[in-house]
Every structure is written in C-alpha cells, then in structure tokens.
C-alpha cells in the first residue's frame, strides 16, 4: 500500500553523502592546520620577541578562523544527517551552512590572497548546495513533510506504520 508522498529527488542522496565526506575532511584538515599553526607560533619566538608576539597574534586569529570552520563542519554534518533522513530541517540547515560558509570563505580568501584551496572547495560546494536545494522539486519535497507518518487505519489499530499491522 502506498501513501501520497512526493518522490524523493535523486540528488539528495549524493548531496547528503558529499556533505558527510566534506564535514569529515574539514575536521581532519582543521586539526592538521591547528597543529601546524601552533608549531609555527612557537617557532616564531626563536626569531626574537617581536616576531614571536606578532606570530602569536596571527596564529591566534588563524585559530579563531579554524574554530569557526569546525563549528561549520558540525553544522554541515547535522544538515547531512537530517537531509539523509528526509527531514525538512535538513534543507534549512544546509542553506544556513552554505550562506555562512560563503561569507566566511570569502573573508578567508581575501585574507589569504586566494591561496586557500579548502576555501575554494567549500565555496564551490556551498554554491552547489544553494542551487540544488532551491530547485522546485527539492523545495516541494521538503515543504510537504515527505516523511510525516501516514494516518492510522481503523479505530483499534493503534499507531502502526507498516503494512503488516
């Protein structure tokens, strides 16, 4: 027996998968960069106190940017999980992540003169996410409550969701 649910757009599976992968790779990349930044900040003191203090300030700003990126990675993971399950909040979390990421990565590219490859990947993926999640079929899928539980059948049946109850 089928229920009147809109069909799931086929692009949502790959979108969720790539969001999972990107959130994982972001976390790994952030840890590597944080360790390198801390080592660079400590080595800066070998060149004198002025260079060490300036290096520490730059490393501190860099670590704040990495903290923002790690929070965005957690947001992307939650968005991917909810999109995978078909929850309407998956679309809104993905769009929130995409717009915040565009702002943060444009600032990142401005400060690094465009040499941060990870920022380019996230920026391109964020534009892709905005484009995909604003398609008519995807908006219709999430706006109709695609995974709302079907109505119960009969008075004494309870809340059975499968066809065998």
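Here, each number is a calculation from the coordinates, and none is a lab measurement. Values in this document were obtained by computation on a predicted structure and should not be read as measured data. In this analysis, Cβ positions are derived from the backbone assuming ideal geometry, glycine residues included, and neighbour counts consider all displayed protein chains.
Our summary gives the stretch 25-110 a relative contact order of 21 percent, counting only alpha carbon pairs under 8 angstrom and 6 or more residues apart. In this label model, residue 21 and residue 47 are separated by 3.8 nm, measuring between points 7 Å along each Cα→Cβ vector.
For the stretch 12-143, just run the numbers: alpha carbon Rg, then divide by 2.2 N^0.38 Å, N being how many residues it has. Could the numbers behind the result be given before it?
Values: Rg = 17.4 Å, N = 132, 2.2 N^0.38 = 14.1 Å.
It is 1.24.
The Cα center of the stretch 41-81 and the Cα center of the stretch 86-101 differ in position by 26 Å. Remark: 102, 65, 127 ranked as 127, 102, 65, counting other beta-carbon atoms within 10 Å and listing the fewest first.
Going by C-beta contacts inside 10 Å, put 83, 112 in order with the fewest on the left.
Details: 83 26, 112 13.
Least to most surrounded, the residues fall as 112, 83.
Using the Cα gyration tensor of the stretch 20-75, with a ≥ b ≥ c the square roots of its eigenvalues, what is the shape: rounded (a/c below 1.5), prolate (a/b larger than b/c) or oblate (neither)? Write out the running numbers ahead of the final one.
Numbers: a/c = 6.35, a/b = 2.61, b/c = 2.44.
Note, shape of the stretch 20-75 comes out prolate.
Going by neighbour counts of Cβ atoms within 10 Å, the residues 23, 92 line up, fewest first, as 92, 23.
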